[in-house]
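Inspection log for the structure reproduced underneath, given as structure tokens.
The values are calculated or read from the model by the stated rules, or taken from the named source; none is laboratory data. Quick caveat: nothing in here was measured; it's all calculated off a predicted structure. Please note: Cβ atoms are built from the backbone with ideal geometry, for glycine as well, and neighbour counts cover all protein chains shown.
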Amino acid sequence: MRQAARAVIRIELAKQLSRPRTYLTLGALAGFALALTVALGATGPGQVEHVGDIPLLLVPSTSALTIPVIALSSTMKFFLPLAVSVFAGEAVAGEARWGSLRYMLGRGVSRSRLLAAKGAVAALLSVAAVALVPIAAVAGGIVPFGWHPLVAVDGSASSPLQQAAATFQPGEALARLGLAAVYVGAGMTSIFAFAFFLSTVTTRPLVAVAGGVGLTILSRVLNADYLPGVAVLSPLMPNNDVDLWQHLFQQPVQTDGMLHFLVLQAAYVAVFLGLAWWWFGRRDVLA
Amino acid sequence: MADSDASTPVVQVEGLVKRIGRVRAVDGLDLVVRRGQVMGLAGPNGSGKSVTLKVLLGLVRPTAGQVRLFGEPVRPGAPVLARVGALIDGPGFVPHLSGLDNLRLAQRLARRSRAAARAELAEVVEVAGLGRAIRRAYSTYSHGMRYRLGLAQALLGRPDLLLLDEPTTGLDPAHILEVREVIAAAARRGATVLLSSHLLSEVEHVCTHAAVMQEGRLVTSGPVGELVGPAGTVHLAVDDPMGAARVLRAVPGVRGISVEDGAVRAAGDDLRPLALFGALATAGVRVLAFREGRSLEDAYLALVKGRRLAPPDPPADEGGSRGSPDVCGRPPEP
């Protein structure tokens, strides 16, 4: 039983790791982080970057550890949801489009097992995508900006006369960056689950990918911060509070809203992965 | 095993109904395929053949009815499906992987020793007959190459049952012969084969048994020889059908003559084509082509037009309600 499950996961992993698309997607994310580093370096020392809604005020030239904060902020609202949607949306629909899904199932592979293997591999690639952004950003920033403590100024608590600055030693900054990446990763799970569900419904991967990205866009549109009239819907939108991790770089740390966000993600995951399992177990595989 | 009794049908379909939307793609199908048979599931496009095969593979859930393979009920993921090799709705492979890598991936699903797996892989690679192209990306393959790889994949694991949906579609004549040989070889080693084709001639050439479907229903089934009927007829395409009919009536052994769409059909006992050719040549009638007996296609057409199936109609002149006889073969020079 366990051997069969491992075989299905290994097959799925071999398929996905041999796809040019996998490396293009991950490469584009890493490339974006590196390009960001180059661009920030080119603006010259002393340039202050306003990050997020707080905003956090960072000076990139002071430490390589500022770059992943900026990179995560820049990618969490579109590039990462897109990458996650690609991995999740293509998982089942891509196999159906190739015509190989019916042969996997026709050899007696259990549908639940196949779905679990595909979900696990797509999740692994999604985690890699989220992790790659801060890793590439730190790696790219070390040479030009050095390995120094991270200084973050809380823009919301500062005045022209007094700056609310927090200094994080490299080790602590890395730990908070790790937490931030986990939080962003958790914020991608709703999009992952939705795109994965669509992947079991359609045989066109593009539809499933577009669905994941569409949910992200819908979430941004129905955001009470910008459109107060949608205050009823806004708390249910899965991507609105993905930027709350920036509060990890305030002193003291603000965690308001984070738990609600994580619970919301769990609810989306439970609903859409449940639907995916229910539907895939019952659907006729005609393609 | 549930099929320890050799009399257990390999495929048993009872009252199968499958609705797709408002259409009853399969409408009360009963079908039995026994061990060692090469069963052709014949019928026009849209008659429900492919859907039936997909139900057998657990890909499509029946609306009603029961389906068993080797005595075990079929459901998605049923262990019995590991004994089945299939080529359904054309081949399907990972496009960026080579043919060989695709076969290796498919092989990983089966638990075998490394040596056995290697030998089996070499065997099916030989069947695919792709030469060096087996190491090329699948996306670069031609239609025919893809089908051959699909057939090779179906043979992985030496399945006890082969389900083949239109396995010769788009292949050139040489490869069609190769596919027929592969099917025959599988049958020789004891595999049961159920293949669908809209080409009745294909079924006639390849299969020991046939089941003919139309509009989701079984029209008839049985050994091909029985369905086709006795070979007591000779079809002749000639340049002067009426003249040929007059001449052939006088040939000993001929019991009846009919003329249909420019061809003459002679029926009788122990008919010898050479005797007929000789008589026609003497009378100056030129024979363009001939065929002995009738084809499965003739039998099918006769059946769906409300005629009774085999044996052939009594030898008597009759109107041309049937289509043009499918004459084939060249006569010897008189």
Just checking, does the stretch A:143-152 include any residue being within 28 Å of A:Q250 (Cβ to Cβ), out of contact with any Ser or Thr (no Cβ under 9 Å at 6 or more places or on another chain), surrounded by 24 or more Cβ atoms within 10 Å (Cβ to Cβ) and not β-branched (V, I, T)?
no
Tell me the residue from B:A122, B:A106 that is in a helix (DSSP H, G or I), closer than 28 Å to B:H175 by Cβ, over 24 Å from the mean Cα position of the chain (by Cα) and at the interface with chain A (Cβ under 10 Å from one of its Cβ atoms), please.
B:A106
Answer yes or no: is there a residue in the stretch B:30-42 that is at negative phi, away from chain A (no Cβ under 13 Å), among the small types (G, A, S) and free of Cβ contacts under 8 Å to residues at least 60 places away in the same chain.
no
Residue count for the stretch B:176-202, restricted to those that are modelled with pLDDT under 85 and part of a helix (DSSP H, G or I)
3
For the stretch A:263-277, state whether one or more residues are within 14 Å of another protein chain (Cβ to nearest Cβ), farther than 30 Å from A:L58 by Cβ and among the aromatic types (F, W, Y).
yes
Across the stretch B:250-287, what is the total count of residues that are over 11 Å from B:D240 (Cα atoms) and surrounded by fewer than 17 Cβ atoms within 10 Å (Cβ to Cβ)?
13
Criterion (assigned to a helix (DSSP H, G or I) and over 29 Å from A:A287 (Cβ atoms)) met by exactly one of A:A116, A:A137
A:A137
Would you call A:A83 crowded, with 24+ Cβ neighbours inside 10 Å, of a type outside the set (V, I, T) and in contact with a Lys or Arg (Cβ under 6 Å, 6 or more places away or on another chain)?
no
Just checking, which of A:A131, A:A71, A:A136 is under 30 Å from A:G171 (Cβ atoms), within 20 Å of the chain's Cα centre (by Cα) and surrounded by fewer than 22 Cβ atoms within 10 Å (Cβ to Cβ)?
A:A131
(1) more than 9 Å from chain A (Cβ to nearest Cβ); (2) assigned to a loop (DSSP other than H, G, I, E, B): which one isn't true of B:R111, the others all being true?
(1)
Out of all the residues in the stretch A:27-35, is one or more of a type in the set (A, V, I, L, M), in contact with a helix residue (DSSP H, G or I) (Cβ under 8 Å, 6 or more places away or on another chain), away from chain B (no Cβ under 14 Å) and farther than 30 Å from A:K118 by Cβ?
yes
Among the residues that make up the stretch B:159-169, is at least one of them β-branched (V, I, T) and under 17 Å from B:F93 (Cβ atoms)?
yes
Within the stretch A:89-109, does at least one residue satisfy the condition of being in a helix (DSSP H, G or I), in contact with a Gly (Cβ under 6 Å, 6 or more places away or on another chain), away from chain B (no Cβ under 14 Å) and not acidic (D, E)?
yes
So the check is Cβ under 8 Å with 6+ separation or different chains; which pairs have a first residue in the stretch B:64-80 that's more than 10 Å from chain A (Cβ to nearest Cβ) and a second one that's among the polar types (S, T, N, Q) and surrounded by fewer than 15 Cβ atoms within 10 Å (Cβ to Cβ)?
B:P73/B:Q66
Members of the stretch A:8-22 that are surrounded by fewer than 19 Cβ atoms within 10 Å (Cβ to Cβ) and facing chain B (nearest Cβ under 7 Å):
A:R10, A:A14, A:S18, A:R19, A:P20
Does the stretch B:46-61 hold any residues that are surrounded by fewer than 23 Cβ atoms within 10 Å (Cβ to Cβ), at the interface with chain A (Cβ under 10 Å from one of its Cβ atoms) and more than 20 Å from A:L114 (Cβ to Cβ), and which are they?
B:S50
Of all residues making up the stretch B:81-102, the number that are away from every other protein chain (no Cβ under 11 Å) and of a type in the set (A, V, I, L, M, F, W, C)
1
